[in-house]
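Colleague: Have a look at this one.
The values are calculated or read from the model by the stated rules, or taken from the named source; none is laboratory data. What you are looking at is a predicted structure, and each value in this text was computed from that prediction instead of being measured. Methodologically, a virtual Cβ is constructed for each residue, glycine included, from the backbone with ideal geometry; neighbour enumeration extends over all protein chains shown. Protein only, heavy atoms only, side chains kept; ligands, DNA and RNA dropped before computing areas. Shrake-Rupley method; radii C 1.70, N 1.55, O 1.52, S 1.80 Å.
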Amino acid sequence: MFRGRLLLFLAFAIPVVLVSAIGVGGYVAFTKARVDPMTTADAIVVLGGEHDGREAYGISLAEQGLAKTVVLSDPYGSGDSTMKKACAASSQKFEVLCIPPVPSTTRGEAIFTQELARERGWNHVIVVTWRYHLPRARYIFDQCFDGTVTMRPTPRSYDFSLVEWEFTYLYQIAGFVKAGVQGPCEDSTSD
């Protein structure tokens, strides 16, 4: 009887502790993630994902004179109306480049950023993504990009349920594990 109660208690307690640890750890690691101070750079790189205002935010940073190039990651395909508008936003002050990442991941975005940096002589980029992706994006860019990275979140709030927060944190943790397993990007110019 005691053993049955203990098993029942553990069957309840272990998931509660696990979910709580993911929630608290995720809050500290992702919700309170470090945001770099704004600075000028060679380019602004807007990572793909939800159309949550990130494209417009990246372009607005260029309009403020923070960089002369905006690179929009474009894994969406030719029918995406948000990207059509954003990709046509070049002006006399800055150019907009729309590039599909290969692979279509943050790693692919860091790889094309490194390639562009070599071609164009960039040493510093501002990377724009959603707030909860900042730590993982920073880690991946540190693995794949030789220059300085300023990480900036899309300015918006998120009204998620507890289940959505847990999923968000768990997804980011899994992404970190994947990035750790993949290791640094290979330098294609060193062969």
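Colleague: Rounded to the nearest percent, how much of the accessible area of the stretch 118-169 (1.4 Å probe, protein heavy atoms only) is carbon and sulfur? Before the final figure, lay out the partial values.
Modeller: Details: 1270 of 2570 Å².
Ligands and nucleic acids excluded, carbon and sulfur reach 49 percent.
Colleague: Shifting gears a bit: How far is helix 2-26 tilted, in degrees, relative to the longest principal axis of the Cα atoms in the chain, given as a value from 0 to 90 rounded to the nearest 10?
Modeller: The answer is roughly 20 degrees.
Colleague: For the chain, modelled as a GNM with alpha-carbon contacts under 10 angstrom, which of F160, F30, F141 fluctuates the most?
Modeller: Of F160, F30, F141, the most mobile in the Gaussian network model is F160.
Colleague: Here is a follow-up. Any idea what angle helix 54-63 forms with the longest principal axis of the chain, computed on alpha-carbon atoms, 0 to 90 degrees, nearest 10?
Modeller: 40 degrees
Colleague: Averaged per residue, what accessible area in Å² does the stretch 85-191 show with a 1.4 Å probe, protein chains only? Don't skip to the answer; put the middle values down first.
Modeller: Numbers: 5860 Å² over 107 residues.
Each residue of the stretch 85-191 exposes 55 Å² on average to a 1.4 Å probe.
Colleague: For the stretch 22-85, rounded, prolate or oblate, judged on the Cα gyration tensor with a ≥ b ≥ c (square roots of eigenvalues), a/c < 1.5 rounded, else prolate if a/b > b/c? List each step's numbers first, then the result.
Modeller: Working: a/c = 2.93, a/b = 1.30, b/c = 2.25.
The shape class here is oblate.
Colleague: Right, another one. Mind listing which GluC sites (Glu not before Pro) in the stretch 1-86 are in a DSSP loop and have 12 or fewer other Cβ atoms within 10 Å? Before the final figure, lay out the partial values.
Modeller: Values: sites: E50, E55, E63; in loops: E50.
Answer by residue number: E50.
Colleague: Give the cross-link partners of K84 among the aspartates and glutamates, using a straight C-alpha distance below 13 Å as the criterion and excluding same-chain residues fewer than 8 apart.
Modeller: Partners found: E55, D74.
Colleague: Tilt of helix 106-120 relative to the longest C-alpha principal axis of the chain, in degrees (0 to 90, nearest 10)?
Modeller: 20 degrees
Colleague: What residue among L61, L18, L134 has the largest mean-square fluctuation in a Gaussian network model of the chain, using Cα springs under 10 Å?
Modeller: Its mean-square fluctuation being the largest, the pick is L18.
Colleague: Let me ask something else. By average Cβ neighbour count within 10 Å, what is the ranking of 121-130, 94-103, 177-186 from highest down? Could you put the intermediate results ahead of the total?
Modeller: Values: 121-130: 20.7, 94-103: 16.3, 177-186: 11.8.
Top of the packing list down: 121-130, 94-103, 177-186.
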